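This report refers to the structure that appears directly beneath it.
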Amino acid sequence: MWRDAPIRIPSSLSPAEAARRLTEARTASSFWSARAPLDGSRIVVGRVSTDEITLTARQAYVRNSWRPVLEARLEPVPGGCELVGTIGWNPLVRMFTAVWLTGAGLLTLGSLLAGLTFGTAEALAVTGAGLAMLSFGVALTTFGGRSGRRDGQFLKGWLDRHLSGNDHHASA
(Lines give C-alpha, C1' and ligand atoms only; values in the text may rest on other atoms or scores of the structure.)
Protein backbone atom coordinates (compact mmCIF):
# COMPACT_ATOMS: atom_id res chain seq x y z
CA MET A 1 0.00 0.00 0.00
CA TRP A 2 2.80 2.43 0.79
CA ARG A 3 4.89 1.87 -2.33
CA ASP A 4 4.04 2.09 -6.00
CA ALA A 5 3.92 -1.24 -7.81
CA PRO A 6 5.39 -1.47 -11.31
CA ILE A 7 2.97 -2.45 -14.06
CA ARG A 8 3.71 -3.70 -17.59
CA ILE A 9 0.99 -4.79 -19.97
CA PRO A 10 1.94 -5.90 -23.49
CA SER A 11 -0.42 -5.23 -26.39
CA SER A 12 -0.46 -6.08 -30.08
CA LEU A 13 -2.04 -2.65 -30.71
CA SER A 14 -0.08 0.37 -31.89
CA PRO A 15 0.39 3.08 -29.23
CA ALA A 16 -2.10 5.34 -31.04
CA GLU A 17 -4.75 2.60 -31.29
CA ALA A 18 -4.22 1.57 -27.65
CA ALA A 19 -4.61 5.21 -26.53
CA ARG A 20 -7.76 5.54 -28.65
CA ARG A 21 -9.32 2.41 -27.11
CA LEU A 22 -8.50 3.48 -23.56
CA THR A 23 -9.85 6.98 -24.21
CA GLU A 24 -13.12 5.66 -25.63
CA ALA A 25 -13.57 3.06 -22.89
CA ARG A 26 -13.02 5.30 -19.87
CA THR A 27 -15.87 7.17 -18.24
CA ALA A 28 -15.79 10.95 -18.48
CA SER A 29 -13.65 12.41 -15.72
CA SER A 30 -16.64 14.18 -14.17
CA PHE A 31 -17.55 12.78 -10.75
CA TRP A 32 -21.26 12.92 -11.56
CA SER A 33 -20.94 11.43 -15.03
CA ALA A 34 -24.10 10.49 -16.88
CA ARG A 35 -22.32 7.27 -17.95
CA ALA A 36 -21.65 6.20 -14.36
CA PRO A 37 -23.64 3.08 -13.40
CA LEU A 38 -25.83 3.18 -10.31
CA ASP A 39 -25.36 -0.52 -9.46
CA GLY A 40 -22.14 -0.10 -7.44
CA SER A 41 -19.90 -1.35 -10.22
CA ARG A 42 -16.63 0.42 -10.92
CA ILE A 43 -15.79 3.05 -13.51
CA VAL A 44 -12.41 4.13 -14.88
CA VAL A 45 -11.65 7.83 -15.07
CA GLY A 46 -8.63 9.90 -15.99
CA ARG A 47 -6.51 11.20 -18.87
CA VAL A 48 -5.06 9.21 -21.75
CA SER A 49 -2.49 10.03 -24.43
CA THR A 50 0.33 7.97 -25.90
CA ASP A 51 2.85 9.91 -23.77
CA GLU A 52 0.99 10.07 -20.47
CA ILE A 53 -1.77 7.99 -18.92
CA THR A 54 -3.30 8.77 -15.53
CA LEU A 55 -6.22 6.51 -14.67
CA THR A 56 -8.01 5.32 -11.58
CA ALA A 57 -10.92 2.96 -11.02
CA ARG A 58 -13.59 3.62 -8.46
CA GLN A 59 -17.15 2.85 -7.59
CA ALA A 60 -19.46 5.41 -9.12
CA TYR A 61 -20.37 8.19 -6.69
CA VAL A 62 -17.94 6.88 -4.03
CA ARG A 63 -14.88 8.88 -2.95
CA ASN A 64 -11.81 7.02 -1.67
CA SER A 65 -8.57 8.95 -1.42
CA TRP A 66 -6.64 5.69 -0.95
CA ARG A 67 -7.64 4.20 -4.30
CA PRO A 68 -4.65 3.46 -6.52
CA VAL A 69 -3.71 5.74 -9.39
CA LEU A 70 -2.04 4.44 -12.56
CA GLU A 71 0.74 6.65 -13.96
CA ALA A 72 1.96 5.14 -17.23
CA ARG A 73 2.89 5.62 -20.86
CA LEU A 74 2.57 3.53 -24.01
CA GLU A 75 5.96 2.45 -25.36
CA PRO A 76 6.23 1.15 -28.93
CA VAL A 77 7.69 -2.35 -29.18
CA PRO A 78 8.01 -4.70 -32.16
CA GLY A 79 4.52 -5.97 -32.95
CA GLY A 80 2.62 -3.41 -30.88
CA CYS A 81 3.16 -1.50 -27.66
CA GLU A 82 3.57 -1.96 -23.95
CA LEU A 83 1.89 0.01 -21.19
CA VAL A 84 4.67 0.75 -18.68
CA GLY A 85 4.20 2.56 -15.39
CA THR A 86 3.33 2.33 -11.73
CA ILE A 87 0.17 1.96 -9.71
CA GLY A 88 -0.20 3.19 -6.15
CA TRP A 89 -1.61 5.80 -3.83
CA ASN A 90 -1.52 9.42 -4.87
CA PRO A 91 1.70 10.93 -3.40
CA LEU A 92 -0.30 13.60 -1.53
CA VAL A 93 -2.46 10.93 0.11
CA ARG A 94 0.65 8.97 1.05
CA MET A 95 2.20 12.10 2.57
CA PHE A 96 -1.00 13.09 4.43
CA THR A 97 -1.34 9.58 5.84
CA ALA A 98 2.29 9.49 6.99
CA VAL A 99 2.01 12.93 8.63
CA TRP A 100 -1.29 12.01 10.33
CA LEU A 101 -0.03 8.70 11.72
CA THR A 102 3.36 10.09 12.74
CA GLY A 103 1.83 13.15 14.40
CA ALA A 104 -0.78 11.12 16.28
CA GLY A 105 1.87 8.61 17.33
CA LEU A 106 4.23 11.32 18.59
CA LEU A 107 1.38 13.09 20.42
CA THR A 108 0.41 9.83 22.10
CA LEU A 109 3.95 8.92 23.05
CA GLY A 110 4.87 12.41 24.26
CA SER A 111 1.76 12.86 26.37
CA LEU A 112 2.10 9.35 27.79
CA LEU A 113 5.69 10.06 28.83
CA ALA A 114 4.65 13.42 30.32
CA GLY A 115 1.81 11.75 32.21
CA LEU A 116 4.10 9.06 33.59
CA THR A 117 6.82 11.59 34.48
CA PHE A 118 4.67 14.33 35.99
CA GLY A 119 1.54 12.35 36.85
CA THR A 120 -0.87 14.98 35.54
CA ALA A 121 -4.42 14.19 34.54
CA GLU A 122 -4.16 16.57 31.57
CA ALA A 123 -1.30 14.59 30.06
CA LEU A 124 -3.28 11.38 30.40
CA ALA A 125 -6.30 13.03 28.75
CA VAL A 126 -4.10 14.14 25.84
CA THR A 127 -2.77 10.56 25.64
CA GLY A 128 -6.35 9.35 25.20
CA ALA A 129 -6.98 11.92 22.48
CA GLY A 130 -3.74 10.91 20.75
CA LEU A 131 -4.74 7.23 20.90
CA ALA A 132 -8.14 8.11 19.44
CA MET A 133 -6.51 10.06 16.57
CA LEU A 134 -4.04 7.25 15.93
CA SER A 135 -6.77 4.58 15.99
CA PHE A 136 -8.98 6.60 13.65
CA GLY A 137 -6.07 7.13 11.23
CA VAL A 138 -5.15 3.45 11.19
CA ALA A 139 -8.78 2.38 10.72
CA LEU A 140 -9.41 4.89 7.93
CA THR A 141 -6.19 3.98 6.11
CA THR A 142 -6.87 0.26 6.47
CA PHE A 143 -10.46 0.55 5.23
CA GLY A 144 -9.56 2.90 2.36
CA GLY A 145 -6.52 0.82 1.38
CA ARG A 146 -8.49 -2.45 1.29
CA SER A 147 -11.28 -0.89 -0.72
CA GLY A 148 -8.69 0.67 -3.02
CA ARG A 149 -7.03 -2.70 -3.58
CA ARG A 150 -10.25 -3.92 -5.23
CA ASP A 151 -10.24 -0.78 -7.39
CA GLY A 152 -6.64 -1.57 -8.43
CA GLN A 153 -7.52 -5.16 -9.34
CA PHE A 154 -10.46 -3.93 -11.40
CA LEU A 155 -8.24 -1.38 -13.19
CA LYS A 156 -5.63 -4.02 -14.09
CA GLY A 157 -8.33 -6.30 -15.56
CA TRP A 158 -9.87 -3.37 -17.41
CA LEU A 159 -6.48 -2.48 -18.93
CA ASP A 160 -5.86 -6.10 -19.94
CA ARG A 161 -9.26 -6.26 -21.69
CA HIS A 162 -8.90 -2.98 -23.56
CA LEU A 163 -5.27 -3.44 -24.56
CA SER A 164 -5.83 -6.87 -26.02
CA GLY A 165 -5.79 -6.98 -29.80
CA ASN A 166 -9.22 -8.64 -29.96
CA ASP A 167 -11.93 -6.46 -31.48
CA HIS A 168 -14.70 -7.91 -29.28
CA HIS A 169 -12.95 -6.53 -26.17
CA ALA A 170 -12.83 -2.97 -27.47
CA SER A 171 -16.42 -2.22 -26.50
CA ALA A 172 -16.44 -4.14 -23.20
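Summary of values
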| item | result |
| --- | --- |
| Flag for T127 being without any contact (Cβ under 8 Å) to a residue 24 or more places away in the chain, surrounded by fewer than 13 Cβ atoms within 10 Å (Cβ to Cβ), assigned to a helix (DSSP H, G or I) and among the hydroxyl-bearing types (S, T, Y) | no |
| Residues satisfying the stated conditions in segment 149-172, i.e. at pLDDT below 85 and outside any loop (DSSP other than H, G, I, E, B) | D167, H168, H169 |
| Test: residue in segment 150-164 that is in contact with a helix residue (DSSP H, G or I) (Cβ under 6 Å, 6 or more places away or on another chain) and in contact (Cβ under 8 Å) with a residue 40 or more places away in the chain | yes |
| Residues that are acidic (D, E) and in contact with a Gly (Cβ under 7 Å, 6 or more places away or on another chain), drawn from segment 55-100 | E71 |
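A quick yes/no check of all residues on (1) buried (at least 20 other Cβ atoms within 10 Å of the Cβ); (2) in the same structural domain as W158 (by the TED database); (3) modelled with pLDDT under 95:
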site: G46; (1), (2), (3): no, yes, yes
site: Y61; (1), (2), (3): no, yes, yes
site: W66; (1), (2), (3): yes, yes, yes
site: E71; (1), (2), (3): no, yes, no
site: L101; (1), (2), (3): no, no, yes
site: A104; (1), (2), (3): yes, no, yes
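The values are calculated or read from the model by the stated rules, or taken from the named source; none is laboratory data. Quick caveat: nothing in here was measured; it's all calculated off a predicted structure. No Cβ is skipped: glycine too gets one built from the backbone with ideal geometry, and neighbour counts run over all protein chains shown.
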